[in-house]
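Asks: Here you go, one structure.
The values are calculated or read from the model by the stated rules, or taken from the named source; none is laboratory data. Small disclaimer: the values here were computed from a predicted structure and weren't measured. Here the Cβ is made from the backbone with ideal geometry for all residues, glycine too, and neighbour counts use every protein chain on show. The protein model used for the area step is the full one, side chains on, heavy atoms only, and it has no ligands, DNA or RNA in it. Shrake-Rupley method; radii C 1.70, N 1.55, O 1.52, S 1.80 Å.
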Amino acid sequence: MSLSAHQARFAAYVSGQSETPPLGLLEGARAQIYRNNVRLSLTAALAANFPVTRVLVGEMYFGQAARQFLRIHLPTRPDMACYGEAFPAFLASAPGIADYLYVPEVARLERAMIEALLADPAETLDPAAFAAVPPDAFAHLRFSAHPSTRLVQSVYAIGDLWQAHQHPVPDLTAIEINAPQSLALVRPQATVEWRLLAAADARFLCALLSGASIAEAVERLPDDFDLTQALLGHLRAGVFTRLYS
Amino acid sequence: MTDTTLAPPRPESQVAGLAAHAVGIGLRADHHGDIAALLAEPGAAMPVGFLEIVDFLEIHAENYLHAGSPAHSLLIDVAERLPVSLHCVGLSLGSAEGVDEHHLSRVAALAKDCAPVLISDHLAWCRVGGCYLNDLLPLPYTSEALETVAANIDRVQSRLGRRILLENPSTYGAFAESAWDEGAFIAELLKRTGCGLLLDINNIYVSAHNQNVNPEAWLAGYPLAAADEIHLAGHTQQNGLLIDTHAAPVCAAVWRLYEAVLAKIGPRPTLIEWDAELPPLVTLLAEAQAARTRMLP
């Protein structure tokens, strides 16, 4: 067997895609050790990337979900911090999760936090840049997002749930899980910072991030939407790198 | 180039940019806080003698690839104070499909950022079909595998513009089709590529035990004189087999094997590897000190 065929077969076995052990190992049962090691190391990588999700579902469920996940979604990069891009979507349709749909939503938030953490660094937009904008050009401004900016909108209170789990013994009594929350994440310096956004502000930011001008972004927002306050909040947080029209 | 003489280097001599008797420990996320505190305020809240004991720090390259991330920034700070060894686990030197150029470029960028004194990876593979298995998987020691690994090492050395070290693997079984002893296979790779040897004594012990061979006999065919670095680590027993967990102190038998190797080739930069269930930094320092004591009788 060629080395390439040998490695394809070995990989299929250790990842659980195939039950046919690799050929040629003198003690065939030893292949099971490699399978265990691969499963343990990839499960540990997912656990490191989705710590709150793991607590929410319990270690046993998480381990089973990880084993099913890794069979079809092996890492495509060797840095395990990146592993699990598809894990939130996988969890959303995993058995037994239908009654706990906030779980994949928290996973989506944890994934966004990792993406924010690992994004390329960039200078944030200095609010002073507005000084040079003529008043009649203001409505036509558009913004480039900081590489680390992530907007996570959910029908569940995922921010509260995540925050509660930053304590060793989470206090969940005050959490209204069915209250929708939107979070804006950004890493302007060393650490990821996040803010809860009001619903209208989340729609505003969502539009700006998809390339809309200020005028376009405020269409269909409630009359009492405070544009100046919202824009200033995003600027101070470092959500943008550049403005243009 | 491989040095084939067995004359022990003098204690004050250099091996691959480090003092021959240098000792190091792995820099792991669990200790990032401790190390950051040391860099911010030398001596504060640190185990006594950290800088007196630790001559270099070794990192897993794959954990520090993202420029601007807290881990990467810490590494840059560390590299200004101490020599860094870039130990890769993801170059997959044994992959039949060749080297992942994208990953190699990122390792090259990291090497530019932290100017490591050593760069190494394993005689193993972890990548197939563009996917990574996050483990160091075994190779049959065949002529085809030899050609593959040699070509991959050539590619890595040429892209990085420098020589790397190749670490011997820990294995749990042999392949029927292997035509070479592990030591002879590695010696041939060193000869063909000019790379150096990272001799992992614990891996020797684990592999030999798991294949019912005396560890000293396992070492017999090894190009020991080409060792530019030595790794020491702990393993775990499981159903009569030894698993290379890096989750325990170096065991007495591995210390004895280390002493036997030192008696043959003299002191070599030695690293304590501890990757899981990490103890406090002070425990790692004691292990590093125990290695140094054996190099400076």
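Asks: Enter the accessible area per residue of chain B (Å², integer; probe 1.4 Å; all protein chains in place). Intermediate values should be presented prior to the final figure.
Replies: Working: 10800 Å² over 297 residues.
Counting only protein heavy atoms, the per-residue value for chain B is 36 Å².
Asks: Taking the Cβ of B:HIS32 as the centre, find all other residues whose Cβ is under 15 Å away and add up their charges (Lys, Arg: +1; Asp, Glu: -1).
Replies: Numbers: positive: B:ARG28, B:ARG81; negative: B:ASP30, B:ASP34, B:GLU58, B:ASP77, B:ASP275.
Local net charge: -3.
Asks: Peptide B:172-178: average number of partner chain Cβ atoms within 10 Å per residue?
Replies: Numbers: counts 9, 11, 5, 6, 4, 4, 2.
Average per residue, whole number: 6.
Asks: For B:LEU219, what is the net charge nearby, where nearby means another residue's Cβ is under 15 Å from its Cβ and Lys, Arg count +1, Asp, Glu -1?
Replies: -3
Asks: Between A:THR191 and A:ALA48, 0.36 nm times their residue separation minus their Cα-Cα distance comes to what? Kindly include the intermediate steps, with their values, before the conclusion.
Replies: Working: separation 143, 0.36 × 143 = 51.48 nm, distance 1.70 nm.
Result: 49.8 nm gained on full extension.
Asks: Residues of segment A:127-151 with amide nitrogen under 14 Å from the 7 Å Cα-to-Cβ point of A:GLU219?
Replies: Output list for this probe position: A:140.
Asks: Moving on to the next point. What is the spin-label model distance, in nm, from B:LYS191 to A:ARG67 if the labels are put 7 Å beyond Cα along the C-beta direction?
Replies: 4.6 nm
Asks: Then there's this: What's the center-to-center distance, using Cα atoms, between segment B:174-236 and segment A:1-76 in Å?
Replies: If you average the Cα positions of each part, the centres end up 26 Å apart.
Asks: Of all accessible surface on the protein assembly as shown at a 1.4 Å probe, what whole percent is carbon and sulfur? Let's see the in-between values first.
Replies: Details: 12440 of 22760 Å².
That fraction is 55 percent.
Asks: What length, rounded to one decimal in nm, is gained on full extension from B:CYS131 through to B:GLN14, with 0.36 nm per residue of separation minus their alpha-carbon distance? Walk me through the numbers on the way to the answer.
Replies: Numbers: separation 117, 0.36 × 117 = 42.12 nm, distance 3.92 nm.
Fully extending the segment from B:CYS131 to B:GLN14 adds 38.2 nm.
Asks: Out of the trypsin sites (Lys or Arg not before Pro) in segment A:192-245, which ones are loop residues according to DSSP with at most 10 other C-beta atoms within 10 Å? Show your work: numbers first, answer last.
Replies: Values: sites: A:ARG195, A:ARG203, A:ARG220, A:ARG236, A:ARG242; in loops: A:ARG220.
Sites meeting the loop and neighbour criteria: A:ARG220.
Asks: Applying 1/(1 + (r/R0)^6) with R0 = 45 Å to the Cβ-Cβ distance of B:SER158 and B:GLN237, what FRET efficiency is obtained, to the nearest 0.05? Don't skip to the end; give the middle numbers.
Replies: Working: r = 42 Å, r/R0 = 0.92.
With a Förster radius of 45 Å, E is 0.60.
Asks: Roll a 1.4 Å probe over the protein heavy atoms and report the accessible area of B:CYS195 in Å², nearest 10.
Replies: Estimated to the nearest 10 Å², B:CYS195 gives 0 Å².
Asks: For segment A:121-245, what does the accessible surface come to per residue with a 1.4 Å probe? Please give it in Å². Can you show the working numbers first?
Replies: On the way: 6810 Å² over 125 residues.
Result: 54 Å² of accessible area for each residue.
Asks: From largest accessible area down, sort B:LYS112, B:LYS191; use a 1.4 Å probe on the protein chains. Write out the running numbers ahead of the final one.
Replies: Values: B:LYS112 175, B:LYS191 150 Å².
Ranked list, largest accessible area first: B:LYS112, B:LYS191.
Asks: For the pair A:ALA128 and B:ARG81, what calculated FRET efficiency results from E = 1/(1 + (r/R0)^6), where r is the Cβ-Cβ distance and R0 = 45 Å, to the nearest 0.05? Could you put the intermediate results ahead of the total?
Replies: Numbers: r = 37 Å, r/R0 = 0.82.
Once rounded, the FRET efficiency stands at 0.75.
Asks: Please report, in whole Å, how far the alpha carbons of the protein assembly as shown spread along each principal axis, starting with the longest.
Replies: Result for the protein assembly as shown: principal-axis Cα extents of 83, 52, 44 Å.
Asks: What ratio of Cα Rg to 2.2 N^0.38 Å holds for segment A:1-100? Don't skip to the answer; put the middle values down first.
Replies: Working: Rg = 14.9 Å, N = 100, 2.2 N^0.38 = 12.7 Å.
Segment A:1-100 yields a ratio of 1.18.
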